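Structure, as structure tokens:
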Amino acid sequence: MFGLLAKNTTAQIIAKVISVATAVILIRLTTENLGKEGYGIYSFVMAIVLLFGTIADWGTNIIAVREAAQNKEKQREIFGAAFTLRFLLSFAAGALLNVVVRVYPPWHEFINQLTVGSLVLLFLSIKSSISIVFQTFLKFEWVGLAEIVNSLIFLALAAIFLIQGGGVVEVLFAWVLGTAAAAFVSFLVAIKIAKINFSAFPPDVIRRLIKESLPMGLFLVFFSIYNRVDIIILEHFKGIENVAVYNLAYKIHDNLVLGAAFLMGSAFPVLSRMYAKGDTGSMIIFYRKLLGITALGGMAVAITFFVLAPLVIRVLTGEQFVQFGDSVTALKILIFATFISYLNHLTGYSLIAFGKQKIILFVGTVALVFNVIVNMIFIPIYSWTAAATVTVFTELIVFLLTSYFISATIFKRHAQT
């Protein structure tokens, strides 16, 4: 079992190494060509677009994987229903974003950038909908291929646009085109792996997807808000240049936790099947092994990048390093959140595999309330330092709560049998 997980996790890591390498080059290009203010606008717009992207996802991706892994006889219908439902949600999310940016005066200066960025939501939905097939059949090498295609095309087009004097709008357009190409490649591969009924809209499957995804979707919305609300608050009180400093560090943190995401993405279908079969003993053994792996992996990543923080920021910003020097301190603070996030990937994915979406929603609500209130109090005073510190404590709260509920439900129940 761990051999298969290792294969799938390795495939994703290889793909991510390539995509991270392209991301490093892209950050260098954008910071040097757009400057601190331009990079801040670019970061802010991407954060807003991805926040609305959560509406397009609404938890249907991971729930569809769980349902398909547990109901092989209905996989064709589940894949088709999830694809259709997610496409409609992405269209609604894009439309909502375009309405909000036009009726909310503080965002009027970003209308062009957000309008172009909103186009990516449809292609992101298609790409991630197809990944449901790959994840269910543990074909993560194809997920990796899609990411490589996305990254390389995004980088190539962005470089061309920037060299020709393009700005933030052109870079965002390159993002849209790269995502569209990745969605197309994923689609061609998926239809060869599985028979997908794209016209399927069976009421029972749709009802179950919506019912099971509702708490998960709300959690993801809450998670995305508390994950990115600091950027919005920071821009409002401290301006776009402070967003640039903080977001550069946060982007590194965000990429560093992907190792845990890959591992748990591979382990999730296995945990779901074990839980469905009632094999609690094996599931707990499996969980404890995953805990050791995520803890060691998170610690290794955290220590390495805490030490290398100045070098990493210098490599990413080049001649603009003086402007982004504060990102070193921001990254050193966020590294503590990176380690805790590794553990949170384990507890979060596990609770979903165990059908405990309502617990996830409760945890997300607590984290959101804490994050928003504390950021509103301290960001006006301490700027990005507060944003980074609050991120650490938010991750810690999530870990403590999710660990408690796993112990109080699955582990305690097993001990009583």
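The values are calculated or read from the model by the stated rules, or taken from the named source; none is laboratory data. Note that the coordinates shown come from a computational prediction; the quantities given were computed from them, not determined experimentally. Using ideal geometry, Cβ is built from the backbone for each residue, glycine included, and neighbour counts are taken over all protein chains shown. To get the accessible areas, we keep the full protein, side chains included, count just its heavy atoms, and leave off ligands, DNA and RNA. Shrake-Rupley method; radii C 1.70, N 1.55, O 1.52, S 1.80 Å.
Structural remarks
- Using just its DSSP H runs of length 4 or more, each adding -39500 (n - 2.57), the chain gives a mean residue ellipticity at 222 nm of -31000 deg cm²/dmol after division by all residues.
- Heavy-atom accessible area with a 1.4 Å probe sorts E37, E235, E395, largest first, into E37, E235, E395.
- Charged-residue dipole, Cβ positions (Lys, Arg, Asp, Glu), the chain about Cα centre, Debye nearest 20: 1460 debye
- To put it simply, the accessible area of the chain at a 1.4 Å probe is 69 percent carbon and sulfur.
- Sequentially through the range 392-403, phi angles give Karplus couplings (6.51, -1.76, 1.60; θ = phi - 60°) of 4, 5, 5, 4, 5, 4, 4, 5, 4, 5, 5, 5 Hz, Gly and Pro residues having no value and appearing as x.
- Per residue solvent-accessible surface (Å²) - the chain, probe of 1.4 Å: 41 Å²
- Anisotropy class of the range 286-329 from Cα gyration tensor, a/c 1.5 cut: prolate
- Whole-number D in µm² s⁻¹ for the chain, Kirkwood Cα-pair radius fed into Stokes-Einstein, 25 °C, 0.890 mPa s: 112 µm²/s
- Karplus-derived 3J(HN,Hα) values for the range 241-256, using 6.51 cos²θ - 1.76 cosθ + 1.60 with θ = phi - 60°, are 5, 5, 4, 4, 4, 6, 5, 4, 5, 5, 4, 5, 4, 4, 6, 5 Hz; glycine and proline are entered as x.
- Restraint check, K16/K238; K16/K251; K16/K277; K16/K192, Cα-Cα greater than 26 Å: K16/K238; K16/K277
- When the chain is treated as a Gaussian network with alpha carbon springs shorter than 10 Å, the biggest mean-square fluctuation among S341, S90, S403 belongs to S403.
- Cα lying deepest toward the dipole's positive end in the chain, options F52, S327, F83, charges on Cβ: F83
- Phi-based couplings in Hz for the range 258-269 (Karplus 6.51, -1.76, 1.60; Gly and Pro marked x): 5, x, 5, 5, 5, 4, 6, x, 6, 7, 4, x
- Listed residues H108, H253, H345, H236 arranged by accessible area, highest first, probe 1.4 Å: H236, H108, H345, H253
- Its Kirkwood hydrodynamic radius, worked out from the mean inverse distance over all distinct Cα pairs, puts the range 262-395 at 17.0 Å.
- Within straight-line reach of K74, meaning a Cα separation under 17 Å, sit the following aspartates and glutamates at least 8 residues removed in sequence or on another chain: D204, E212.
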